[in-house]
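Taken together, the values in this text are just the output of simple stated rules run on the coordinates, not laboratory data. Predicted model only: the values in this text are computed from it and were never measured. Note that each Cβ is placed from the backbone with ideal geometry, even for glycine, and that neighbours are counted across all protein chains shown.
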Amino acid sequence: MNAKKKRRLAFAAALLLAGAGVAGVIVYGLGQNTMYFRSPSDVAAKMVGEGVAFRLGGLVEQGSVQHGAGAAVRFRVTDGKSSIPANFDGVLPALFREGQGVVATGAMNASGTFIANEVLAKHDEKYMPPEVVDALKRSGRWQEGGL
């Protein structure tokens, strides 16, 4: 092998190594920013560990909303099979109410309560987040045209 071929081979190897490094950094970065959607049944089945950030979606259980001191709110999120207690300290969306679809972002604490740092409610009477619809269909609670 002559010097010219050795340089080309070294350049190609360096290029492949650099490409693999860049791809590794991209995959690692994407993995750190992934937030999964879970239904109350998924959470009850222990599919989520304590302190792991995820989105919890379902319906706000009837009779479960309790307002505490300041902006603290306790409620339960259900998919018809399981119900998960949730706490939120902040301003709720204007459309947040019992029996309506909700998606909350947060994590479970050691006592099994979902600590939400963001709560999203549906924006009109016909919309429900696709993840919530899928979870309700899996639990057998979904009816076309709404609940």
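A straight line joining the Cα centroids of the range 1-51 and the range 67-121 runs 34 Å. FRET efficiency for the Ser111 to Tyr36 pair, using the beta carbon distance and R₀ = 30 Å, is estimated at 0.90. Compare Leu30, Leu16, Leu120 in a GNM of the chain, Cα atoms joined below 10 Å, and give the one with the largest fluctuation. Answer for the Gaussian network model of the chain: Leu16. When the chain is treated as a GNM with alpha-carbon contacts under 10 Å, the residue of Gly90, Gly112, Gly29 showing the greatest mean-square fluctuation is Gly29. Restricting to DSSP H runs of at least four residues, report the calculated mean residue ellipticity at 222 nm for the chain, -39500 (n - 2.57) per run over all residues, nearest 500 deg cm²/dmol. When only DSSP H runs of four or more count, the value is -10000 deg cm²/dmol.
Solvent-free Debye calculation, one equal scatterer per alpha-carbon of the chain: log10 I(q)/I(0) at 0.17, 0.19 Å⁻¹ equals -0.93, -1.09.
Dipole of the chain computed with +1 at Lys/Arg Cβ and -1 at Asp/Glu Cβ about the Cα centre; of Ser111, Leu17, Ala135, farthest Cα towards the positive end is Leu17.
So, by mean Cβ neighbours within 10 angstrom, what's the order for 93-103, 1-11 with the highest one leading?
Values: 93-103: 16.4, 1-11: 9.0.
The packing order, highest mean first, is 93-103, 1-11.
GNM remark for the chain: springs join alpha carbons under 10 Å apart, and the peak mean-square fluctuation among Val25, Val65, Val133 falls on Val25. Basic side chains Lys and Arg get +1 at the Cβ, acidic Asp and Glu get -1 at the Cβ, and with that the dipole of the range 1-137 about its Cα centre reaches some 1240 debye.
Report the relative contact order of the chain, percent, no decimals, based on alpha-carbon pairs under 8 angstrom and at least 6 residues apart.
20 percent
As a proxy for reagent exposure, Tyr36, Tyr28 were ordered by neighbouring Cβ count within 10 angstrom, fewest first; the result is Tyr28, Tyr36.
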